[in-house]
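Encoded as structure tokens, the structure appears first; notes follow it.
The values are calculated or read from the model by the stated rules, or taken from the named source; none is laboratory data. Since this is a predicted model, take the numbers as computed values, not measurements. Ligands, DNA and RNA are stripped out before the accessible areas are found, and what is left, the full protein with its side chains, is counted by its heavy atoms. Shrake-Rupley method; radii C 1.70, N 1.55, O 1.52, S 1.80 Å.
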Amino acid sequence: MAARLPSWAWVSGLTVAATAAVVTLGVQAERGPHPTAVAARPSASASPRPHVSADPKPSAPPALPDGSGSGRRIVYSVGEKRVWLVDATGQAVRTFTVWPGTVSPRPGRYSVTLRTQSLKGSDGVEIEHVMYFTKAEGVNIAFSNALDGSSPPPAGGQKLGGIRMRKQDGAALWSFGDTGAKVAVVS
């Protein structure tokens, strides 16, 4: 008659075996793919997938435009639809894309003239982190983000000067630029 092991012994044995399997798989994973894995071919029913690098290198952010000034400033490129936040040493500490309205500011040097925490934009969208810095064609030009994070296309035929951005970018810009902060607009 065979001796019967207590249930705790079975559980302990299974735990040890599972731990050993996990450690073995971890060691194999660190060594890289098994040589036979390279030669493996997909089955006829497998769908083709593009090769994805295990360590993708993010592309460098676009360089700060030439002629954007010096010192701490906000740089807005009308053509690239992009903003850079530049520290006092002249280094861009953050950059992000924006969605401009239908009226663009002229290239030049400005400063933030008014900051408003939140309001309803002229397009009817609730916005926050509103930072006015100039007027063009009789329209106030300001950076802002929609409260809900959306960026609806500008209403046809309306003159809109809002330069919208993602919610997290709006918060970063709000923290970066107080009233009087320099704004450089480039083509």
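A compact table of results
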quantity: Sequence-distant residues sharing a close amide H with residue 160 (under 5 Å, placed H); calculated: 102, 103
quantity: Equivalent ellipsoid semi-axes, segment 69-160, via Cα gyration tensor eigenvalues times 5, rooted, Å; calculated: 23, 15, 13
quantity: Amide H contacts of residue 134 (H built 1.01 Å from N, under 5 Å, at least 5 apart or other chain); calculated: 141
quantity: Largest to smallest principal axis extent of the C-alpha atoms in segment 106-147, angstrom; calculated: 29, 18, 13
quantity: Anisotropy class of segment 116-171 from Cα gyration tensor, a/c 1.5 cut; calculated: oblate
quantity: Accessible area, probe 1.4 Å, largest first, for residues 132, 76; calculated: 132, 76
quantity: Amide H contacts under 5 Å for residue 121, placed H, 5+ residues apart; calculated: 126, 127
quantity: Eligible lysines near residue 135 by straight Cα distance, threshold 23 Å, same-chain separation 8 or greater; calculated: 81, 120, 159, 182
quantity: Note, ³J(HN,Hα) from phi for segment 133-143, Karplus 6.51, -1.76, 1.60, rounded to Hz, x at Gly and Pro; calculated: 9, 6, 10, 8, 6, x, 10, 5, 10, 8, 7
quantity: Relative contact order, percent, segment 51-187 [alpha-carbon distance under 8 Å, six or more residues apart]; calculated: 29
quantity: Rel. contact order, % - alpha carbon contacts under 8 angstrom, at least six apart, segment 92-131; calculated: 29
quantity: In sequence order, calculated HN-Hα J values of segment 177-187 (Karplus, 6.51, -1.76, 1.60; Hz; x Gly/Pro); calculated: x, 7, 4, x, 4, 6, 10, 10, 9, 10, 4
